[in-house]
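Some notes on the structure that comes next.
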Amino acid sequence: MTAFRAMLRRELRLALRGGGDVLTLVLFFVIVGAIVPFAVGPDRALLARIAPGIVWISAFLAMLLGLDRLFRPDHEDGSLILLRHAHLPLSATIAAKLIAHWLVAALPLIVASPFLAMLLAMDEPTFWRMLVSLLVGTPALAAFGAVGAAVTVAIRRGGLIAPILIAPLSIPVLIFGTGSITAPQSAAAMLFLAALSLMAVALAPFAAALAISSAED
């Protein structure tokens, strides 16, 4: 457990060392949502109706920006080979990376979501459901992103390929995430979203470790 905490601290330090990266993710998240009103017009009723989908698409696209830094720097400097032979299992190392990735790439988006809710004319009950759905669903996006980044870590320009692999896996998250905000059976959609996140987070470290081991071999 001490080794896991040390790895988590290392990943957080490395992720926060470029503080501008977090700001870039937040600005991208807000800007993607902010330009939609210019495209659909000033109809507040229409904006309020499509706002949950816009928020989820913005979050998905923003989280894709940080994927290339999840494993590639360690692969390029040789650290990934050392991590494979460390005392801590590779799956636990990837779990620490996954937690750090969520804290740096997803949590700031959730904190910034009130600004986007105001821009999209979202009412208060819908906003709170959106906030809970992001908290519940973004771990699944982070887990799928980790698997995609692991599969493409040894591929040149893999950062361009990973989003293509991740997009089909993320469609259920977007469906249930939006449904947990707007659908009549929003509670059931939220439960499906939570189950999807739990399954993805539980399996992603092992799948990513297998992908990295195969790529390195």
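When the range 149-166 is filtered for residues that are over 20 Å from Leu107 (Cβ atoms) and surrounded by 18 or more Cβ atoms within 10 Å (Cβ to Cβ), the ones remaining, listed by number, are Ala150, Val151, Thr152, Val153, Gly158, Gly159, Ala162, Pro163. Looking across the range 151-172, the residues that are touching a residue at least 60 places away in the same chain (Cβ under 8 Å) and assigned to a helix (DSSP H, G or I) come down to Val151, Gly158, Gly159, Ala162, Pro163, Ile166, Ser170. Among all positions in the range 109-123, there is at least one residue which is of a type in the set (S, T, N, Q), in a helix (DSSP H, G or I), over 20 Å from Ala204 (Cα atoms) and in contact (Cβ under 8 Å) with a residue 40 or more places away in the chain. For the range 185-198, taking the residues that are touching a helix residue (DSSP H, G or I) at 6+ places or on another chain (Cβ under 7 Å) and of a type in the set (S, T, N, Q), the one that is modelled with the lowest pLDDT is identified as Ser186. Residue-level check: of (1) crowded, with 20+ Cβ neighbours inside 10 Å; (2) at pLDDT below 90; (3) closer than 15 Å to Leu134 by Cβ, Thr182 misses just (1). None of Arg44, Arg17, Arg49 is among the basic types (Lys, Arg) and within 26 Å of Thr93 (Cβ to Cβ) except Arg17.
Of everything listed in (1) over 14 Å from the mean Cα position of the chain (by Cα); (2) free of Cβ contacts under 8 Å to residues at least 12 places away in the same chain; (3) assigned to a helix (DSSP H, G or I), the single unmet condition for Ile181 is (2). Residues in the range 46-83 that are β-branched (Val, Ile, Thr) and under 18 Å from Leu120 (Cα atoms): Ile50, Ile54, Val55, Ile57.
Among the numbered conditions (1) crowded, with 18+ Cβ neighbours inside 10 Å; (2) assigned to a helix (DSSP H, G or I); (3) at pLDDT below 80, the only one that Gly20 does not meet is (1). Of the residues making up the range 59-71, those that are assigned to a helix (DSSP H, G or I) and surrounded by fewer than 23 Cβ atoms within 10 Å (Cβ to Cβ) are Leu61, Leu64, Asp68, Arg69. Within the range 35-49, being part of a helix (DSSP H, G or I) and either out of contact with any Ser or Thr (no Cβ under 9 Å at 6 or more places or on another chain) or of a type in the set (Lys, Arg) (or both) holds for Ile35, Pro37, Phe38, Ala39, Val40, Arg44, Ala45, Leu46, Leu47, Arg49.
Taken as a whole, the structure places Thr93 among residues that are touching a residue at least 60 places away in the same chain (Cβ under 8 Å), within 19 Å of the chain's Cα centre (by Cα) and part of a helix (DSSP H, G or I).
The values are calculated or read from the model by the stated rules, or taken from the named source; none is laboratory data. Bear in mind the structure is a predicted one, so any value in this text is a computation, not a measurement. Here Cβ is always computed from backbone atoms with ideal geometry, including for glycine, and neighbour counts include all displayed protein chains.
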